[in-house]
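Report on the following structure.
The values are calculated or read from the model by the stated rules, or taken from the named source; none is laboratory data. This one's a predicted model, so the numbers in the text were calculated from it and none came from an experiment. Ideal geometry is used to build each Cβ from the backbone, glycine not excepted, and the neighbour counts take in all protein chains shown.
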Amino acid sequence: MNATGLLLTTEGKLRAPWKIVTFFFVLFAALVLSAWIESAVDGIVSGRGYRPLVSQWGVPLGTLIATWAMLRLVEGRSWEYVGLDRSAATQSTIGSGLIFGLLPIAIPSLLLLATGELKSVNAAPGSWWVAAGLSFANLLPAAFGEELLLRGYLFGVLKEAVGWKWTLISTSIIFGLLHIPNPGSDAQSILVVILAGFFLGAVFLATRSLYAATAAHFIWNWFMAAGLHTPVSGLPVSTPGYRVIDAGPDWLTGGTWGPEGGLAAAVGMFGILIYLHGRHLRRMES
């Protein structure tokens, strides 16, 4: 195979490894641009006496720019390739994502509260609505950025190259490893986050919608932050009026990582995974 064959397929398109390398080069440039835009906007807002509402929105913006560049300028593809087309944004599809994301964390957490394994305690007074709104404004772009990075263009390239199963496995492991720097991370919490990668990837594959995967990711985090006032992947959140703490074993409740790091949440995700496999993913195997 000559140099051209190593770079291009017989159809004259970039091979998967080179697509990935190109994407990361474009992503780096896009993140530099978006960081500059973010800094400029935050400077203007702060200069007028306002505190920036959303921190680090430049990362999802840069990822979106890089995805657009690869789809439109390099490959000539549509947004359908990454599940961001109009047909993927229907109310029923996004609603399904919200349900898939809420049930596996809400039901186990409420059961743990009912049995005393989690406990609600008083905290400093404050406005629930302000804290919930700020959580919404910060967690939504964060969820979109993570989903677009791991289950967007790279997911599509890998799926074409090695199939959806290996793509799901590899991106889920990366998703978990990216959370190692979070406060309080340990082997159990990272394993559960890897499971969350499988869970979110399954939502994306089943719905063919990155909007649905983002909705599932967001509502999971927002329920913990705004509903329970408990850490999200080890990161502290505002706790006006009350906060939920663990009163049982860490392996069950997640400890300082939050309920998503415990066995109860893992069981909840397994339940949704079984449903998605039986209803949707099994068809992809045939």
Filter the stretch 89-137 for residues that are touching a Leu at 6+ places or on another chain (Cβ under 8 Å) and farther than 21 Å from Ala265 by Cβ; the one that is surrounded by the fewest Cβ atoms within 10 Å (Cβ to Cβ) is Ala137
Scanning the stretch 179-190 residue by residue, those within 24 Å of Leu154 (Cα to Cα) and either buried (at least 16 other Cβ atoms within 10 Å of the Cβ) or of a type in the set (Asp, Glu) (or both) turn out to be His179, Asn182, Ile190
Taking the stretch 151-169 and keeping only residues that are in contact with a Leu (Cβ under 8 Å, 6 or more places away or on another chain) and either under 16 Å from Thr22 (Cα atoms) or not in a helix (DSSP H, G or I) (or both), one is left with Gly152, Tyr153
| Could you say whether any residue in the stretch 116-130 is farther than 20 Å from Leu150 by Cβ and under 21 Å from the mean Cα position of the chain (by Cα)? | no
Based on this model, can you work out whether Phe270 counts as closer than 19 Å to Gly176 by Cα and surrounded by fewer than 18 Cβ atoms within 10 Å (Cβ to Cβ)? yes
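Each row is one residue, and each column tells you yes or no for (1) more than 19 Å from Gly227 (Cβ to Cβ); (2) in contact with a Gly (Cβ under 6 Å, 6 or more places away or on another chain); (3) hydroxyl-bearing (Ser, Thr, Tyr); (4) in contact (Cβ under 8 Å) with a residue 60 or more places away in the chain.
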| position | (1), (2), (3), (4) |
| --- | --- |
| Arg72 | yes, no, no, no |
| Ile94 | yes, no, no, yes |
| Leu98 | no, no, no, yes |
| Ala106 | no, no, no, yes |
| Glu147 | yes, no, no, yes |
| Leu154 | yes, no, no, yes |
Contact list, first residue from the stretch 18-42 and buried (at least 18 other Cβ atoms within 10 Å of the Cβ), second anywhere and at pLDDT below 90 and outside any helix (DSSP H, G or I), beta-carbon distance below 6 Å, six or more apart or interchain, is Asp42/Pro52
Subset of the stretch 23-42, residues at pLDDT 95 or above and of a type in the set (S, T, N, Q), comes to none
